[in-house]
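Just so you know, all these numbers are worked out from the coordinates, no wet-lab data involved. Source: prediction; values computed, not measured. Glycine gets a Cβ as well: all are built from the backbone with ideal geometry, and neighbour counts include every protein chain shown.
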Amino acid sequence: VCEGSVSALCVCSVLWVCNESLCVLCSYNDSIQERNDLCMVGEYTEQDNEPIKKVCQFKRSMLRQCSGLRDSSFGFAEGKPCIIIKMNRVIGLKPQGDPYINCTGDSPLRMQYYPSEARLDKMFFPYYGNKAHADYVQPLVAVQLLLSREDLNVEQTVECKLEGTNLRNDDDRDKFMGRVVFRVKVSE
Ligand SMILES: *[C@@H]1O[C@H](CO)[C@@H](O)[C@H](O)[C@H]1NC(C)=O
Ligand SMILES: *[C@@H]1O[C@H](CO)[C@@H](O)[C@H](O)[C@H]1NC(C)=O
C-alpha cells in the first residue's frame, strides 16, 4: 500500500512514483538514454554557442532497486519505499560545489541512496530551456527508506535537502526552497 503526501518545492521537487502506470521514469529508460551523450563527470556541460545542445545520459537502471524495473512497486511492497527526488528545471542554473541530497527522518531511519552518493552531477547543468534542449532530462536521486517492522503503519516524515552547493536550503521565508518534506506510511 502506498500513501503519502508531498508538500513542497522550489529547487527540489519529488517525483512520487508508487506505480509504474504513471510511467514517470519512462523518459529515463535505458533504451532512450543510450541515444544521449556520455558527459564528463563533475564538469558542467556548457554549450552556449552550440546550435544543437547535447543531452547527458541518465539511465534509469542507475536507480537500481528504485528503478522500478524489477520491482514495479518501487519497494513499497516489501516495506522499503523509494522516493525519487529531482531538481526543478531552472534555465542557466550552474550549482557550485558538489550538490547532493541528504535526507533525515524525524526518527532515525536507515536509508540507501541511488546513485550511491546521492550526487546530482554537474554534467546536467546548465539547462538551456525547452526549445533548445528538448530531450533534456534532470538528474535524479532515489532515496530508499529501509523501514523496520516497528516502522510499518507509522507515518514517517522525511526531509531532504540539497547540500554541498551554493543554492540555499535554509531560507526561513521560503521554507521549501532547496528542501522537500514528505510523509510516507507503509501499511502491512
Ligand atoms: C520504458 O520502460 C518501461 C519498463 O520496461 C516500459 O513499460 C515502457 O513502455 C518504456 N517506455 C518507453 C517510452 O520506452
Ligand atoms: C545530513 O543532515 C544531517 C542533519 O542535518 C547532518 O547531521 C549530516 O551531517 C548530513 N550528512 C551529510 C553527508 O551532509
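Out of all the residues in segment 75-88, is one or more away from ligand 1 (no atom under 16 Å from the Cβ), of a type in the set (Lys, Arg), within 24 Å of Val184 (Cα to Cα) and part of a loop (DSSP other than H, G, I, E, B)?
Yes, there is a match, as at least one residue in segment 75-88 is away from ligand 1 (no atom under 16 Å from the Cβ), of a type in the set (Lys, Arg), within 24 Å of Val184 (Cα to Cα) and part of a loop (DSSP other than H, G, I, E, B).
Restricting to segment 150-169, name every residue that is in contact (Cβ under 8 Å) with a residue 60 or more places away in the chain and under 26 Å from Pro81 (Cβ atoms).
Passing the criteria: Asp151, Leu152, Val158, Cys160, Lys161, Leu162, Glu163, Gly164, Asn169.
How many residues does segment 37-66 hold that are among the hydroxyl-bearing types (Ser, Thr, Tyr) and part of a loop (DSSP other than H, G, I, E, B)?
Matching residues across segment 37-66 total 2.
Within segment 99-146, restricting attention to residues that are among the small types (Gly, Ala, Ser) and over 19 Å from Leu25 (Cβ atoms), which residue is surrounded by the most Cβ atoms within 10 Å (Cβ to Cβ)? First the steps, then the outcome.
Keep residues of segment 99-146 that are among the small types (Gly, Ala, Ser), which gives 105, 107, 116, 118, 129, 132, 134, 142.
Cutting the leftovers down to over 19 Å from Leu25 (Cβ atoms) gives us 105, 107, 129, 132.
Details: Gly105: 16, Ser107: 11, Gly129: 13, Ala132: 14.
Within segment 99-146, the match that is surrounded by the most Cβ atoms within 10 Å (Cβ to Cβ) is Gly105.
Given the conditions (1) of a type outside the set (S, T, N, Q); (2) touching an Asp or Glu at 6+ places or on another chain (Cβ under 7 Å); (3) at negative phi, which single one is not true for Gly68?
For Gly68, the failing item is (3).
Please determine whether any residue of segment 83-95 is free of Cβ contacts under 8 Å to residues at least 24 places away in the same chain and not charged (D, E, K, R). Please lay out each step first, then the result.
Restricting attention to segment 83-95, the residues satisfying the condition of being free of Cβ contacts under 8 Å to residues at least 24 places away in the same chain are none.
No; the residues of segment 83-95 include none that is free of Cβ contacts under 8 Å to residues at least 24 places away in the same chain and not charged (D, E, K, R).
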